[in-house]
1. Here are the criteria: (1) surrounded by 13 or more Cβ atoms within 10 Å (Cβ to Cβ); (2) at pLDDT below 90. Tell me which single one Arg29 does not satisfy.
2. Only one of these conditions is not met by Glu44: (1) loosely packed, with under 13 Cβ neighbours inside 10 Å; (2) assigned to a helix (DSSP H, G or I). Which number is it?
3. Count, please, the residues in region 112-145 that happen to be assigned to a helix (DSSP H, G or I), loosely packed, with under 12 Cβ neighbours inside 10 Å and under 30 Å from the mean Cα position of the chain (by Cα).
Amino acid sequence: MMLFPAYVAHVMTGRVRFRHPALGTAAGRAKALAVLEAQSLVKEVRQGRESLLVFLDQPESTESTVLALCKALEEALPAIRRDVSGLLPQLLPGVSPRKLENRALIAALGVSTALGFMGSEKAHVFTAAAFGVLVAHHVWTRRGAL
């Protein structure tokens, strides 16, 4: 498995999603769309909120195509190179802030459940409260997509 820049939200056979605040601005989105639509291996580009979903013509060469698209995007839109997540790239290279948030949610749920079964009430209540805060933040930040 290849590590992609943090703005690559996910890669699946035949498609890739780019997510970055620079893609949320009209100018940034227009530049990115122009670059991506000019690529020969891109079949279709769908716009999202601060993201672009790109469908590829040749799904069998997804990783090399994604790297080429990243290079073209970075040349046309230098702001996309800036990682908006602070220390995250140094601590966990290749993990986007959204993936880290989702993994923290799952970890808090798992720890809370395990502690509940083990009978540690105070620790169970504490981790359940942390899970509740993480869920509330998750729902609040994605309320437009729900």
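1. (2)
2. So the condition that Glu44 fails would be (2).
3. Residues of region 112-145 assigned to a helix (DSSP H, G or I): 112-118, 121-141.
With the extra rule that they be loosely packed, with under 12 Cβ neighbours inside 10 Å, the set shrinks to 117-118, 121-122, 133, 136, 139-141.
Next, only the ones that are under 30 Å from the mean Cα position of the chain (by Cα) stay: 133, 136, 139-141.
Within region 112-145, residues that are assigned to a helix (DSSP H, G or I), loosely packed, with under 12 Cβ neighbours inside 10 Å and under 30 Å from the mean Cα position of the chain (by Cα) number 5.
The values are calculated or read from the model by the stated rules, or taken from the named source; none is laboratory data. Keep in mind that what you see is a predicted model, and the values were worked out from it rather than measured. Cβ coordinates were reconstructed from backbone atoms using ideal geometry, including for glycine residues, and neighbour counts include every protein chain displayed.
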